[in-house]
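Participant: There's a structure below that I have some questions on.
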Amino acid sequence: MSEIVKNFIVLIISIIIVHLVYIGYIRPQADILLDAARLAGQSAPRDLVIVLKDYEQEICFILMIWGSFLILSKCIMILRNNYLFTVDLIEETTKENLVPEKIIEKLDTELSADRSRAPLIQTLRAALWRYAGTRSVQNISDAIESSVEALAVRQDAENSMIRYLIWAIPSIGFIGTVRGIGEALSLADKALAGDIAGMTNSLGVAFNSTLVALLISLFLMFIFHQLQRLQDGQIVDIQAYCDKYLLARIK
């Protein structure tokens, strides 16, 4: 299954789960509390279900679950391949007995398909193929550097959707703010007549959506920075591994 299809399936599942929670619990409970407050002539209480009941908050939670999956799946993939940095994949090799084709064949046969696609293995394979064609240590170094730069560019491109979600969630919260303030202004005549319940409820919609969106954005930003820390550490580890196990032995 391709990565795009898997991400789309997770998005659909997130929509279904969050919507079921909203229609099954949050909105019914919020309606009960709002009806009780209305009968008592009071403003809406500050219960959690009241804060979460609106459509903007529902969309924010859907995007939070999806964004968390995108981030955590990348983190897990990096952590699963971290053990490769502790293994000598080149073994005891010197410039005199280095046969790039044999090492590449060993990497392809002894590692699983998932491990073969790890950035470290791809970098080693590119460097060894370059050395097989030129027998130049400088070309190995250039191949490692270009592979690492390509990895950094690819990671930055793959993170673009995550950055978009982190930007979009507060924007959705601000949409709720504009909607709530617009409803409150439409009820200004009733507020002047002494009935301020409708205006306060609409202002609650405005502030609740912004509050929830900003909190979710803070959470996603935190775990996204952890992902970036792992990705930067992976690039440094690849360079250090190639220097220790490959370049140092054939220089």
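The values are calculated or read from the model by the stated rules, or taken from the named source; none is laboratory data. As the structure is a computational prediction, the values presented were derived from the model and not from experiment. Methodologically, a virtual Cβ is constructed for each residue, glycine included, from the backbone with ideal geometry; neighbour enumeration extends over all protein chains shown.
Participant: Looking only at segment 98-137, count how many residues are under 21 Å from residue 152 (Cβ atoms) and polar (S, T, N, Q).
Facilitator: Matching residues across segment 98-137 total 3.
Participant: So, one more: Please give the helices (runs of 4 or more DSSP H) falling wholly within segment 102-202 in which 2 or more residues are surrounded by fewer than 17 Cβ atoms within 10 Å (Cβ to Cβ) and at pLDDT 75 or above. Full working, then the answer.
Facilitator: Working: elements: 113-116, 119-134, 137-158, 160-186, 188-192.
Helices (runs of 4 or more DSSP H) meeting the threshold: 113-116, 119-134, 137-158, 160-186.
Participant: When segment 1-22 is examined, which residues are found to be surrounded by fewer than 13 Cβ atoms within 10 Å (Cβ to Cβ) and not hydroxyl-bearing (Ser, Thr, Tyr)? Break it down into steps so the answer makes sense when it comes.
Facilitator: So in segment 1-22, the residues surrounded by fewer than 13 Cβ atoms within 10 Å (Cβ to Cβ) come out as 1-6, 8-9, 12, 16, 20.
Listed by number, the residues that qualify are 1, 3, 4, 5, 6, 8, 9, 12, 16, 20.
Participant: Same structure again: Among the residues of segment 231-244, how many are within 16 Å of the chain's Cα centre (by Cα) and either surrounded by fewer than 16 Cβ atoms within 10 Å (Cβ to Cβ) or of a type in the set (D, E, K, R) (or both)? Spell out the reasoning first.
Facilitator: Taking segment 231-244 first, the residues within 16 Å of the chain's Cα centre (by Cα) are 231-232.
Still in the list and also either surrounded by fewer than 16 Cβ atoms within 10 Å (Cβ to Cβ) or of a type in the set (D, E, K, R) (or both): 232.
Of the residues in that region, 1 qualify.
Participant: Let me ask something else. Applying the selection to segment 67-92, what residues are touching a Leu at 6+ places or on another chain (Cβ under 8 Å) and either at pLDDT below 90 or loosely packed, with under 11 Cβ neighbours inside 10 Å (or both)?
Facilitator: 81, 84, 85, 89, 90
Participant: Another question, if that's okay. Yes or no: segment 23-30 includes at least one residue that is modelled with pLDDT of 80 or more, surrounded by 12 or more Cβ atoms within 10 Å (Cβ to Cβ), among the aliphatic types (A, V, I, L, M) and part of a helix (DSSP H, G or I).
Facilitator: Yes, segment 23-30 has at least one match.
Participant: A follow-up question, please. Inside segment 9-54, can you point out the residues that are touching a residue at least 24 places away in the same chain (Cβ under 8 Å), within 30 Å of residue 162 (Cα to Cα) and not aliphatic (A, V, I, L, M)?
Facilitator: 14, 19, 22, 25, 27, 53, 54 - these are the residues of segment 9-54 that are touching a residue at least 24 places away in the same chain (Cβ under 8 Å), within 30 Å of residue 162 (Cα to Cα) and not aliphatic (A, V, I, L, M).
Participant: Right, next: Any residue in segment 228-251 that's within 22 Å of residue 99 (Cα to Cα): show its pairings with residues that are surrounded by fewer than 15 Cβ atoms within 10 Å (Cβ to Cβ) and acidic (Asp, Glu) at Cβ separation under 6 Å, as long as the two are six or more apart or on different chains.
Facilitator: Once the first residue is within 22 Å of residue 99 (Cα to Cα) and sits in segment 228-251, its partners that are surrounded by fewer than 15 Cβ atoms within 10 Å (Cβ to Cβ) and acidic (Asp, Glu) give 245/88.
Participant: Moving to a separate point now. Looking only at segment 135-173, how many residues end up being among the aromatic types (Phe, Trp, Tyr) and touching a Pro at 6+ places or on another chain (Cβ under 8 Å)?
Facilitator: Total meeting the criteria: 0.
Participant: Being of a type in the set (A, V, I, L, M, F, W, C) and either touching a residue at least 24 places away in the same chain (Cβ under 8 Å) or touching a helix residue (DSSP H, G or I) at 6+ places or on another chain (Cβ under 8 Å) (or both) is the filter here; which residues of segment 69-86 pass it?
Facilitator: Matches in segment 69-86: 69, 70, 71, 72, 75, 78, 79, 84, 85.
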